[in-house]
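Below is one structure, written out as C-alpha coordinates, with a few remarks after it.
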Amino acid sequence: MSKLIFLDNGATSYPKPDEVYRHMDSFFRNYGVNPGRSGYDLCMEAGLAVEETRQQLTGFFKGTDPNRLCFGYNSTDALNLIIFGMLRPGDHAISTTLEHNSVLRPLYHLSREGVEVELVPFDGAGFVDPQEIRKRFRPNTRLVIVNHASNVIGTVQPIAAIGKLCREAGIPFAIDASQSAGKVPIDMKAQFLDVVAFTGHKSLLGPTGIGGLYVREGIEIRHTRAGGTGVRSAVKPHLDEYPYRLEYGTPNIMGIAGLKAGLTWVQAKGVDAIHHEEMRLAQILLDGLRAIPRVKLYCLDSLENHIAVLAFNIEGVDAADVGTMLDVDFGIACRTGLHCAPLVHEGIDTARIHGAVRFGIGPFNTEEHVRTAVEAVGKIAALRAKR
Ligand SMILES: Cc1ncc(COP(=O)(O)O)c(C=O)c1O
(Lines give C-alpha, C1' and ligand atoms only; values in the text may rest on other atoms or scores of the structure.)
Protein backbone atom coordinates (compact mmCIF):
# COMPACT_ATOMS: atom_id res chain seq x y z
CA MET A 1 0.00 0.00 0.00
CA SER A 2 1.18 3.57 -0.67
CA LYS A 3 2.21 5.88 2.16
CA LEU A 4 -1.02 7.83 1.80
CA ILE A 5 -2.45 8.92 5.13
CA PHE A 6 -6.12 8.24 4.70
CA LEU A 7 -8.24 10.67 6.72
CA ASP A 8 -11.30 10.43 4.49
CA ASN A 9 -13.06 7.70 6.42
CA GLY A 10 -16.24 9.79 6.46
CA ALA A 11 -16.52 9.12 2.72
CA THR A 12 -15.64 5.44 2.98
CA SER A 13 -13.41 3.38 5.22
CA TYR A 14 -10.03 2.51 3.76
CA PRO A 15 -8.29 0.18 4.01
CA LYS A 16 -10.64 -2.63 5.00
CA PRO A 17 -9.56 -5.38 7.37
CA ASP A 18 -7.58 -8.11 5.56
CA GLU A 19 -10.35 -10.54 6.47
CA VAL A 20 -12.73 -8.61 4.19
CA TYR A 21 -10.46 -8.88 1.13
CA ARG A 22 -9.74 -12.56 1.81
CA HIS A 23 -13.35 -13.53 2.47
CA MET A 24 -14.63 -11.77 -0.64
CA ASP A 25 -12.04 -13.48 -2.81
CA SER A 26 -12.75 -16.93 -1.47
CA PHE A 27 -16.53 -16.40 -1.38
CA PHE A 28 -16.66 -15.31 -5.02
CA ARG A 29 -14.51 -18.22 -6.13
CA ASN A 30 -16.45 -20.82 -4.14
CA TYR A 31 -20.02 -19.50 -3.95
CA GLY A 32 -20.33 -16.94 -6.73
CA VAL A 33 -23.73 -18.11 -7.97
CA ASN A 34 -27.19 -16.55 -7.86
CA PRO A 35 -28.32 -17.28 -4.27
CA GLY A 36 -31.66 -18.86 -3.54
CA ARG A 37 -32.66 -18.93 -7.23
CA SER A 38 -32.14 -22.65 -7.89
CA GLY A 39 -32.15 -25.88 -5.92
CA TYR A 40 -28.60 -27.20 -6.32
CA ASP A 41 -26.36 -27.34 -3.28
CA LEU A 42 -24.04 -24.49 -4.23
CA CYS A 43 -26.97 -22.16 -4.77
CA MET A 44 -28.47 -23.15 -1.43
CA GLU A 45 -25.14 -22.57 0.31
CA ALA A 46 -24.79 -19.11 -1.25
CA GLY A 47 -28.36 -18.39 -0.12
CA LEU A 48 -27.43 -19.53 3.38
CA ALA A 49 -24.56 -17.05 3.50
CA VAL A 50 -27.00 -14.26 2.62
CA GLU A 51 -29.39 -15.40 5.35
CA GLU A 52 -26.58 -15.63 7.91
CA THR A 53 -25.59 -12.04 7.16
CA ARG A 54 -29.21 -10.98 7.52
CA GLN A 55 -29.28 -12.61 10.95
CA GLN A 56 -25.98 -11.11 12.00
CA LEU A 57 -27.05 -7.58 11.02
CA THR A 58 -30.43 -8.02 12.70
CA GLY A 59 -28.62 -8.94 15.93
CA PHE A 60 -26.25 -6.01 15.48
CA PHE A 61 -29.18 -3.56 15.34
CA LYS A 62 -31.00 -5.48 18.11
CA GLY A 63 -33.86 -6.27 15.76
CA THR A 64 -36.06 -9.30 16.24
CA ASP A 65 -36.88 -10.66 12.78
CA PRO A 66 -34.08 -11.27 10.25
CA ASN A 67 -36.63 -11.20 7.43
CA ARG A 68 -37.11 -7.53 8.16
CA LEU A 69 -33.49 -6.86 7.33
CA CYS A 70 -33.54 -6.00 3.63
CA PHE A 71 -30.46 -5.56 1.48
CA GLY A 72 -30.04 -2.73 -1.00
CA TYR A 73 -27.10 -0.99 -2.64
CA ASN A 74 -26.23 1.58 0.02
CA SER A 75 -27.98 3.93 2.40
CA THR A 76 -29.08 6.25 -0.41
CA ASP A 77 -30.99 3.32 -1.86
CA ALA A 78 -32.47 2.39 1.52
CA LEU A 79 -33.41 6.01 2.31
CA ASN A 80 -35.18 6.31 -1.05
CA LEU A 81 -37.16 3.13 -0.31
CA ILE A 82 -38.14 4.54 3.08
CA ILE A 83 -39.04 8.06 2.02
CA PHE A 84 -40.87 7.21 -1.21
CA GLY A 85 -42.46 4.13 0.37
CA MET A 86 -43.80 5.86 3.49
CA LEU A 87 -45.01 9.26 2.30
CA ARG A 88 -47.90 10.22 0.02
CA PRO A 89 -49.27 13.59 -1.14
CA GLY A 90 -50.98 15.32 1.80
CA ASP A 91 -48.58 13.82 4.36
CA HIS A 92 -46.29 15.83 6.57
CA ALA A 93 -42.69 14.81 7.24
CA ILE A 94 -40.15 16.15 9.72
CA SER A 95 -36.43 16.00 9.24
CA THR A 96 -33.43 18.18 10.10
CA THR A 97 -30.92 20.50 8.49
CA LEU A 98 -28.23 17.96 9.41
CA GLU A 99 -29.30 15.65 6.61
CA HIS A 100 -27.29 14.37 3.71
CA ASN A 101 -28.71 14.85 0.21
CA SER A 102 -29.76 11.20 0.28
CA VAL A 103 -32.55 12.32 2.63
CA LEU A 104 -32.99 15.92 1.48
CA ARG A 105 -33.34 15.21 -2.22
CA PRO A 106 -36.04 12.51 -1.91
CA LEU A 107 -37.89 14.88 0.44
CA TYR A 108 -37.52 17.81 -1.99
CA HIS A 109 -38.87 15.62 -4.78
CA LEU A 110 -41.88 14.66 -2.72
CA SER A 111 -42.49 18.21 -1.61
CA ARG A 112 -43.14 19.02 -5.28
CA GLU A 113 -45.80 16.32 -5.21
CA GLY A 114 -47.73 17.57 -2.20
CA VAL A 115 -45.78 16.23 0.80
CA GLU A 116 -45.14 18.94 3.35
CA VAL A 117 -41.62 18.84 4.69
CA GLU A 118 -40.29 20.67 7.74
CA LEU A 119 -36.59 20.74 8.56
CA VAL A 120 -35.59 21.36 12.17
CA PRO A 121 -32.35 23.35 12.51
CA PHE A 122 -29.47 22.29 14.74
CA ASP A 123 -28.14 24.49 17.52
CA GLY A 124 -24.74 26.17 17.72
CA ALA A 125 -23.13 23.00 19.07
CA GLY A 126 -24.52 20.87 16.22
CA PHE A 127 -27.45 19.13 17.95
CA VAL A 128 -31.16 18.98 17.27
CA ASP A 129 -33.42 19.46 20.27
CA PRO A 130 -35.98 16.59 20.44
CA GLN A 131 -38.59 19.06 21.72
CA GLU A 132 -38.18 21.11 18.53
CA ILE A 133 -39.17 17.99 16.61
CA ARG A 134 -42.08 17.25 18.94
CA LYS A 135 -43.42 20.81 18.54
CA ARG A 136 -43.86 20.16 14.83
CA PHE A 137 -45.92 16.96 15.19
CA ARG A 138 -49.26 17.17 13.34
CA PRO A 139 -52.11 14.73 12.86
CA ASN A 140 -50.83 14.04 9.32
CA THR A 141 -47.14 13.62 10.26
CA ARG A 142 -46.21 10.26 8.75
CA LEU A 143 -42.44 10.21 9.15
CA VAL A 144 -39.65 11.68 11.26
CA ILE A 145 -36.25 11.00 9.72
CA VAL A 146 -32.98 12.06 11.34
CA ASN A 147 -29.29 11.73 10.54
CA HIS A 148 -27.85 9.84 13.52
CA ALA A 149 -24.29 11.15 13.13
CA SER A 150 -23.37 14.13 10.97
CA ASN A 151 -20.97 13.47 8.12
CA VAL A 152 -19.76 17.08 8.34
CA ILE A 153 -19.55 18.10 11.98
CA GLY A 154 -19.61 14.63 13.56
CA THR A 155 -22.33 15.32 16.14
CA VAL A 156 -24.41 12.33 17.29
CA GLN A 157 -28.08 13.15 17.69
CA PRO A 158 -30.18 12.12 20.73
CA ILE A 159 -32.11 9.48 18.78
CA ALA A 160 -33.48 7.64 21.83
CA ALA A 161 -35.15 10.83 23.07
CA ILE A 162 -36.52 11.63 19.60
CA GLY A 163 -37.63 8.02 19.17
CA LYS A 164 -39.50 8.03 22.47
CA LEU A 165 -41.43 11.17 21.54
CA CYS A 166 -42.30 9.70 18.13
CA ARG A 167 -43.38 6.37 19.64
CA GLU A 168 -45.65 8.15 22.15
CA ALA A 169 -47.24 10.09 19.29
CA GLY A 170 -47.51 7.01 17.02
CA ILE A 171 -45.31 8.59 14.34
CA PRO A 172 -42.81 6.33 12.51
CA PHE A 173 -39.19 7.26 13.23
CA ALA A 174 -36.34 6.42 10.85
CA ILE A 175 -32.64 7.11 11.22
CA ASP A 176 -29.90 7.50 8.67
CA ALA A 177 -27.16 5.41 10.27
CA SER A 178 -24.67 5.84 7.42
CA GLN A 179 -22.00 7.37 9.64
CA SER A 180 -22.97 5.80 12.96
CA ALA A 181 -23.39 2.07 12.26
CA GLY A 182 -20.15 0.49 13.47
CA LYS A 183 -19.15 3.52 15.56
CA VAL A 184 -22.09 4.13 17.90
CA PRO A 185 -24.44 1.48 19.34
CA ILE A 186 -27.80 1.21 17.58
CA ASP A 187 -30.66 -0.54 19.34
CA MET A 188 -34.06 -0.77 17.65
CA LYS A 189 -35.81 -1.41 20.94
CA ALA A 190 -34.01 0.76 23.49
CA GLN A 191 -33.85 3.74 21.10
CA PHE A 192 -37.48 3.39 19.89
CA LEU A 193 -36.42 3.05 16.25
CA ASP A 194 -38.84 2.02 13.52
CA VAL A 195 -36.51 1.97 10.54
CA VAL A 196 -32.71 2.07 10.28
CA ALA A 197 -30.95 2.75 6.96
CA PHE A 198 -27.30 1.68 6.77
CA THR A 199 -24.49 1.55 4.26
CA GLY A 200 -21.91 -1.22 4.19
CA HIS A 201 -18.79 0.63 3.07
CA LYS A 202 -18.22 3.09 5.88
CA SER A 203 -17.80 1.98 9.51
CA LEU A 204 -19.16 -1.52 8.87
CA LEU A 205 -15.95 -1.92 6.84
CA GLY A 206 -17.50 -3.73 3.88
CA PRO A 207 -17.21 -2.88 0.19
CA THR A 208 -19.19 -0.29 -1.73
CA GLY A 209 -22.51 -1.22 -3.33
CA ILE A 210 -24.08 -2.90 -0.32
CA GLY A 211 -26.35 -1.49 2.37
CA GLY A 212 -29.94 -1.82 3.41
CA LEU A 213 -32.54 -1.22 6.04
CA TYR A 214 -34.13 -2.85 9.05
CA VAL A 215 -37.89 -2.31 9.39
CA ARG A 216 -39.57 -2.97 12.74
CA GLU A 217 -42.62 -5.24 12.85
CA GLY A 218 -45.78 -3.16 12.52
CA ILE A 219 -44.19 -0.63 10.17
CA GLU A 220 -45.03 -1.08 6.51
CA ILE A 221 -43.17 0.43 3.60
CA ARG A 222 -44.98 0.43 0.23
CA HIS A 223 -43.27 -1.06 -2.80
CA THR A 224 -41.87 1.60 -5.05
CA ARG A 225 -40.24 -0.96 -7.34
CA ALA A 226 -41.09 -4.44 -8.52
CA GLY A 227 -39.24 -7.33 -10.06
CA GLY A 228 -37.74 -10.75 -9.54
CA THR A 229 -37.49 -12.22 -6.07
CA GLY A 230 -36.38 -15.75 -6.95
CA VAL A 231 -39.45 -17.23 -5.24
CA ARG A 232 -43.18 -17.52 -6.12
CA SER A 233 -42.59 -16.31 -9.66
CA ALA A 234 -46.21 -16.85 -10.72
CA VAL A 235 -47.52 -14.16 -8.36
CA LYS A 236 -48.26 -11.06 -10.45
CA PRO A 237 -47.50 -8.09 -8.18
CA HIS A 238 -44.26 -7.80 -6.25
CA LEU A 239 -44.37 -9.90 -3.07
CA ASP A 240 -45.61 -8.24 0.11
CA GLU A 241 -43.65 -10.27 2.61
CA TYR A 242 -40.28 -9.18 3.92
CA PRO A 243 -37.48 -9.28 2.91
CA TYR A 244 -38.74 -9.75 -0.69
CA ARG A 245 -41.01 -6.73 -0.31
CA LEU A 246 -37.99 -4.40 -0.37
CA GLU A 247 -35.52 -6.48 -2.37
CA TYR A 248 -35.49 -6.49 -6.16
CA GLY A 249 -33.44 -8.65 -8.48
CA THR A 250 -30.20 -10.51 -7.92
CA PRO A 251 -28.60 -9.35 -4.68
CA ASN A 252 -25.02 -8.15 -4.44
CA ILE A 253 -23.67 -11.34 -2.91
CA MET A 254 -20.07 -10.17 -3.11
CA GLY A 255 -21.09 -7.08 -1.19
CA ILE A 256 -23.02 -9.15 1.32
CA ALA A 257 -20.01 -11.43 1.82
CA GLY A 258 -17.68 -8.48 2.33
CA LEU A 259 -20.12 -6.80 4.67
CA LYS A 260 -20.37 -9.99 6.72
CA ALA A 261 -16.59 -10.09 7.09
CA GLY A 262 -16.46 -6.37 7.96
CA LEU A 263 -19.22 -6.68 10.53
CA THR A 264 -17.58 -9.75 12.04
CA TRP A 265 -14.36 -7.75 12.43
CA VAL A 266 -16.23 -4.84 14.03
CA GLN A 267 -18.06 -7.15 16.44
CA ALA A 268 -14.85 -8.95 17.40
CA LYS A 269 -13.13 -5.62 18.22
CA GLY A 270 -16.28 -4.16 19.74
CA VAL A 271 -18.04 -0.98 18.63
CA ASP A 272 -17.20 0.75 21.92
CA ALA A 273 -13.51 -0.12 21.71
CA ILE A 274 -13.27 1.08 18.08
CA HIS A 275 -15.08 4.30 18.93
CA HIS A 276 -12.97 4.89 22.04
CA GLU A 277 -9.70 4.62 20.12
CA GLU A 278 -10.96 6.79 17.24
CA MET A 279 -12.04 9.46 19.74
CA ARG A 280 -8.65 9.33 21.44
CA LEU A 281 -7.07 10.15 18.08
CA ALA A 282 -9.77 12.76 17.39
CA GLN A 283 -8.88 14.51 20.66
CA ILE A 284 -5.20 14.65 19.69
CA LEU A 285 -6.17 16.01 16.28
CA LEU A 286 -8.54 18.56 17.80
CA ASP A 287 -6.02 19.76 20.40
CA GLY A 288 -3.43 20.14 17.65
CA LEU A 289 -5.75 22.04 15.29
CA ARG A 290 -6.94 24.30 18.11
CA ALA A 291 -3.40 25.45 18.73
CA ILE A 292 -2.89 26.62 15.12
CA PRO A 293 -3.56 30.33 14.53
CA ARG A 294 -6.22 31.04 11.87
CA VAL A 295 -7.74 27.56 12.05
CA LYS A 296 -11.48 27.74 12.54
CA LEU A 297 -13.20 24.65 13.90
CA TYR A 298 -16.89 23.91 13.57
CA CYS A 299 -19.06 22.56 16.43
CA LEU A 300 -15.97 21.28 18.18
CA ASP A 301 -16.08 22.91 21.63
CA SER A 302 -16.31 19.38 22.95
CA LEU A 303 -16.06 15.85 21.54
CA GLU A 304 -18.89 14.57 23.69
CA ASN A 305 -21.60 12.87 21.62
CA HIS A 306 -19.38 12.97 18.58
CA ILE A 307 -17.90 10.58 16.10
CA ALA A 308 -14.35 11.13 14.86
CA VAL A 309 -15.33 13.46 12.01
CA LEU A 310 -13.94 17.01 12.30
CA ALA A 311 -14.56 20.04 10.08
CA PHE A 312 -12.35 23.10 9.88
CA ASN A 313 -11.09 25.90 7.66
CA ILE A 314 -7.93 27.95 7.50
CA GLU A 315 -8.94 31.60 7.43
CA GLY A 316 -8.40 33.10 3.99
CA VAL A 317 -7.67 29.79 2.22
CA ASP A 318 -10.29 28.00 0.15
CA ALA A 319 -11.10 24.56 1.60
CA ALA A 320 -10.42 22.95 -1.79
CA ASP A 321 -6.93 24.48 -1.85
CA VAL A 322 -6.21 23.15 1.63
CA GLY A 323 -7.33 19.71 0.45
CA THR A 324 -5.10 19.88 -2.61
CA MET A 325 -2.08 20.93 -0.54
CA LEU A 326 -2.73 18.20 2.02
CA ASP A 327 -2.83 15.68 -0.80
CA VAL A 328 -0.03 16.88 -3.05
CA ASP A 329 2.43 18.22 -0.49
CA PHE A 330 1.77 15.93 2.46
CA GLY A 331 0.13 12.76 1.08
CA ILE A 332 -2.97 13.19 3.25
CA ALA A 333 -6.42 12.34 1.90
CA CYS A 334 -9.40 14.30 3.23
CA ARG A 335 -12.65 15.63 1.84
CA THR A 336 -13.46 19.28 1.14
CA GLY A 337 -16.51 21.18 -0.07
CA LEU A 338 -20.12 20.75 0.97
CA HIS A 339 -20.01 17.00 1.70
CA CYS A 340 -23.48 16.43 0.12
CA ALA A 341 -24.94 18.22 3.13
CA PRO A 342 -25.48 21.83 1.98
CA LEU A 343 -27.75 22.81 4.87
CA VAL A 344 -25.12 21.88 7.43
CA HIS A 345 -22.79 24.31 5.72
CA GLU A 346 -25.49 26.98 5.75
CA GLY A 347 -25.88 26.31 9.48
CA ILE A 348 -22.18 26.75 10.21
CA ASP A 349 -21.91 29.61 7.72
CA THR A 350 -19.47 27.90 5.38
CA ALA A 351 -21.75 27.53 2.35
CA ARG A 352 -20.65 30.97 1.08
CA ILE A 353 -16.94 30.06 1.32
CA HIS A 354 -17.12 26.72 -0.54
CA GLY A 355 -17.55 24.55 2.54
CA ALA A 356 -14.89 23.19 4.83
CA VAL A 357 -12.12 20.63 5.15
CA ARG A 358 -13.12 17.35 6.80
CA PHE A 359 -10.95 14.79 8.50
CA GLY A 360 -12.59 11.42 9.20
CA ILE A 361 -10.70 8.99 11.41
CA GLY A 362 -11.05 5.23 10.96
CA PRO A 363 -9.92 2.10 12.78
CA PHE A 364 -6.64 1.91 10.86
CA ASN A 365 -5.47 5.41 11.65
CA THR A 366 -2.66 5.93 14.12
CA GLU A 367 -1.40 8.62 16.41
CA GLU A 368 1.36 9.31 13.88
CA HIS A 369 -1.26 9.95 11.18
CA VAL A 370 -3.09 12.57 13.19
CA ARG A 371 0.10 14.25 14.40
CA THR A 372 1.31 14.45 10.78
CA ALA A 373 -2.03 15.97 9.80
CA VAL A 374 -1.75 18.63 12.51
CA GLU A 375 1.77 19.47 11.38
CA ALA A 376 0.63 19.71 7.75
CA VAL A 377 -2.28 22.02 8.58
CA GLY A 378 0.11 24.13 10.67
CA LYS A 379 2.49 24.49 7.71
CA ILE A 380 -0.32 25.41 5.32
CA ALA A 381 -1.67 28.01 7.77
CA ALA A 382 1.84 29.44 8.25
CA LEU A 383 2.34 29.72 4.47
CA ARG A 384 -0.86 31.69 4.27
CA ALA A 385 0.32 34.01 7.05
CA LYS A 386 3.53 34.80 5.10
CA ARG A 387 1.64 35.91 1.98
C1 LIG B 1 -24.97 10.90 6.71
C2 LIG B 1 -24.92 10.21 5.38
N3 LIG B 1 -26.06 9.79 4.82
C4 LIG B 1 -26.06 9.14 3.65
C5 LIG B 1 -24.89 8.90 2.96
C6 LIG B 1 -24.95 8.18 1.66
O7 LIG B 1 -24.25 6.98 1.75
P8 LIG B 1 -24.10 6.08 0.44
O9 LIG B 1 -23.36 6.93 -0.55
O10 LIG B 1 -23.34 4.90 0.87
O11 LIG B 1 -25.46 5.79 -0.02
C12 LIG B 1 -23.69 9.35 3.49
C13 LIG B 1 -22.42 9.15 2.76
O14 LIG B 1 -21.54 9.99 2.77
C15 LIG B 1 -23.70 10.00 4.74
O16 LIG B 1 -22.57 10.43 5.31
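The values are calculated or read from the model by the stated rules, or taken from the named source; none is laboratory data. Computed from a predicted model, the values in this text were never measured in an experiment. Cβ atoms come from the backbone with ideal geometry, glycine included; neighbour counts cover every protein chain shown. For the accessible areas, the whole protein counts, side chains as well, though only heavy atoms, and no ligand, DNA or RNA atoms are used. Shrake-Rupley method; radii C 1.70, N 1.55, O 1.52, S 1.80 Å.
Over the Cα atoms of the stretch 1-119, what is the Rg over Rh ratio if Rh follows Kirkwood?
1.08
Which aspartates and glutamates does K189 reach when only Cα atoms under 20 Å apart count, and residues fewer than 8 places away in its own chain are ignored?
Reachable aspartates and glutamates: D65, E168, D176, E217, E220, D272.
With a 1.4 Å probe and all protein chains left in place, how much of the accessible area of the chain comes from carbon and sulfur atoms, in whole percent? Show your work: numbers first, answer last.
Working: 8590 of 16320 Å².
Reported share for carbon and sulfur atoms: 53 percent.
Would you mind working out the magnitude of the charge dipole of the chain relative to its Cα centre, with +1 at each Lys and Arg C-beta and -1 at each Asp and Glu C-beta, to the nearest 20 Debye?
Using Cβ point charges on Lys, Arg, Asp and Glu, the chain gives about 420 debye.
Send over the semi-axes of the stretch 314-387's equivalent ellipsoid, whole angstrom and largest first, taken as the square roots of 5 times the C-alpha gyration tensor eigenvalues.
Numbers: eigenvalues 88, 60, 17 Å².
Result for the stretch 314-387: semi-axes of 21, 17, 9 Å.
Please name which of Y21, N74, G378 has its Cα lying farthest along the dipole of the chain towards the positive end, using unit charges on Cβ (Lys, Arg +1; Asp, Glu -1) and the Cα centre as origin.
N74
Over the stretch 124-172, consider all pairs of different Cα atoms and compute the Kirkwood hydrodynamic radius from their mean reciprocal separation; express it in Å, one decimal. Let's see the in-between values first.
On the way: mean 1/r = 0.0874 Å⁻¹.
About 11.4 Å for the stretch 124-172.
Give me the angle, in degrees from 0 to 90, between the Cα long axis of helix 271-290 and the longest principal axis of the Cα atoms of the chain, rounded to the nearest 10.
30 degrees
Could you work out the longest stretch of the chain that avoids the GluC sites (Glu not before Pro) located in DSSP loops with at most 16 other Cβ atoms within 10 Å? Mind dumping the intermediate values first?
Numbers: sites that count: E113, E217, E220, E241, E304, E315.
Longest gap between qualifying sites, sites excluded: 1-112.
Using 7 Å Cα-to-Cβ label points, what is the D301/R167 separation (nm, one decimal)?
Label at D301, label at R167, 3.1 nm between them.
So how much slack lies between A226 and R290, counting 0.36 nm per residue of separation and subtracting their Cα-Cα distance, in nm?
On the way: separation 64, 0.36 × 64 = 23.04 nm, distance 5.20 nm.
Result for the pair: 17.8 nm of gain on full extension.
Sort the stretch 128-224 into rounded, prolate or oblate with this rule: let a ≥ b ≥ c be the square roots of the eigenvalues of the Cα gyration tensor; rounded if a/c is under 1.5, and if a/c is not under 1.5, prolate when a/b is larger than b/c, oblate otherwise.
Numbers: a/c = 2.06, a/b = 1.39, b/c = 1.48.
Oblate shape, in that a/c is at least 1.5 and b/c is the bigger or equal ratio.
How much length is gained if the chain between E368 and A190 is pulled fully straight, taking 0.36 nm per residue apart and subtracting their Cα-Cα distance, in nm to one decimal? Don't jump to the answer; show the numbers that get you there.
Working: separation 178, 0.36 × 178 = 64.08 nm, distance 3.76 nm.
So the chain would gain 60.3 nm between E368 and A190.
Please state the Cα pair-distance histogram of the stretch 173-266 with 5 angstrom bins from zero: what percent is in each bin?
Result, from short to long distances: 3, 13, 20, 20, 20, 16, 7, 2, 0 percent.
Angle check, please: helix 75-86 long axis (alpha carbons) against the longest principal axis of the chain (alpha carbons), in degrees 0 to 90, nearest 10.
60 degrees
Mind pulling the angle between the C-alpha long axis of helix 159-169 and the longest principal axis of the chain? Nearest 10 degrees, somewhere in 0 to 90.
40 degrees
Rounded if a/c is under 1.5, else prolate if a/b is larger than b/c, else oblate: which is the stretch 240-339, with a ≥ b ≥ c the root eigenvalues of its Cα gyration tensor?
Numbers: a/c = 2.52, a/b = 1.86, b/c = 1.36.
In terms of gyration-tensor shape, prolate.
Divide by every residue of the chain the summed helix terms, -39500 (n - 2.57) for each DSSP H run of at least 4, and state the resulting mean residue ellipticity at 222 nm, rounded to the nearest 500 deg cm²/dmol.
Details: 11 runs with 148 residues, N = 387.
It lands at -12000 deg cm²/dmol.
Probe of 1.4 angstrom, ligands and nucleic acids ignored: what's the accessible area per residue over the stretch 289-334, in square angstrom? Kindly include the intermediate steps, with their values, before the conclusion.
On the way: 1990 Å² over 46 residues.
Counting only protein heavy atoms, the per-residue value for the stretch 289-334 is 43 Å².
So what is the accessible area of the stretch 95-227 per residue, in Å², with the probe set to 1.4 Å?
On the way: 4560 Å² over 133 residues.
Computed with neighbouring chains in place, this is 34 Å² per residue.
Can you tell me how much longer the chain between A234 and A320 gets when fully stretched, taken as 0.36 nm per residue apart minus their C-alpha distance, in nm with one decimal? Working shown, then result.
Numbers: separation 86, 0.36 × 86 = 30.96 nm, distance 5.43 nm.
That pair, A234 and A320, stretches by 25.5 nm at full extension.
Quick check: from the Cα gyration tensor, does the stretch 62-220 come out rounded (a/c under 1.5), prolate or oblate?
Values: a/c = 1.32, a/b = 1.22, b/c = 1.09.
Rounded is the answer for the stretch 62-220, as its axis ratio a/c remains below 1.5.
Placing +1 at every Lys and Arg Cβ and -1 at every Asp and Glu Cβ, with all other atoms neutral, what dipole size does the stretch 7-92 have around its Cα centre, in debye to the nearest 20?
On the way: 8 positive and 11 negative charges, 37 e Å.
Using Cβ point charges on Lys, Arg, Asp and Glu, the stretch 7-92 gives about 180 debye.
Can you tell which of M279, P251, M325 lies farthest toward the positive end of the dipole of the chain, using +1 and -1 charges on the Cβ of basic and acidic side chains (Lys, Arg; Asp, Glu)?
Result: P251, furthest along the dipole toward the positive end.
Can you tell me the FRET efficiency between D129 and T250 if r is taken as the Cβ-Cβ distance and R0 is 56 Å, rounded to the nearest 0.05?
Details: r = 44 Å, r/R0 = 0.78.
Taking R0 as 56 Å, the efficiency between D129 and T250 is 0.80.
Might you report the magnitude of the Cβ-based charge dipole of the stretch 133-241 about its Cα centre, with Lys and Arg at +1 and Asp and Glu at -1, to the nearest 20 debye?
Once rounded to the nearest 20, the dipole reads 340 debye.
Calculate how many DSSP beta bridges within the chain are antiparallel, expressed in % of all such bridges and rounded to the nearest 5. Could the numbers behind the result be given before it?
Numbers: 21 of 39 bridges.
Percent antiparallel among DSSP bridges in the chain is about 55.
Enumerate by residue number the chymotrypsin sites (Phe, Trp or Tyr not before Pro) in the stretch 11-89 meeting two conditions: DSSP loop (anything except H, G, I, E, B), and at most 11 other Cβ atoms within 10 Å of the site's Cβ.
Values: sites: Y21, F27, F28, Y31, Y40, F60, F61, F71, Y73, F84; in loops: Y40, F61, Y73.
Here the sparse-neighbourhood loop sites are Y40.
Can you give me the Cα centroid spacing of the stretch 363-380 and the stretch 153-218 in angstrom?
Cα centres, the stretch 363-380 to the stretch 153-218: 31 Å.
For the chain, state what percent of all Cα-Cα pairs lands in each successive 20 Å bin, counting from 0 Å until the bin that includes the largest distance.
Histogram of Cα-Cα distances, whole percents per bin: 28, 55, 16, 0.
With the cut-off at 28 Å, tell me which of the pairs K16/K62; K164/K269; K62/K164; K3/K202 have Cα atoms farther apart than that.
On the way: K16/K62 24 Å; K164/K269 30 Å; K62/K164 17 Å; K3/K202 21 Å.
From K16/K62; K164/K269; K62/K164; K3/K202, over 28 Å: K164/K269.
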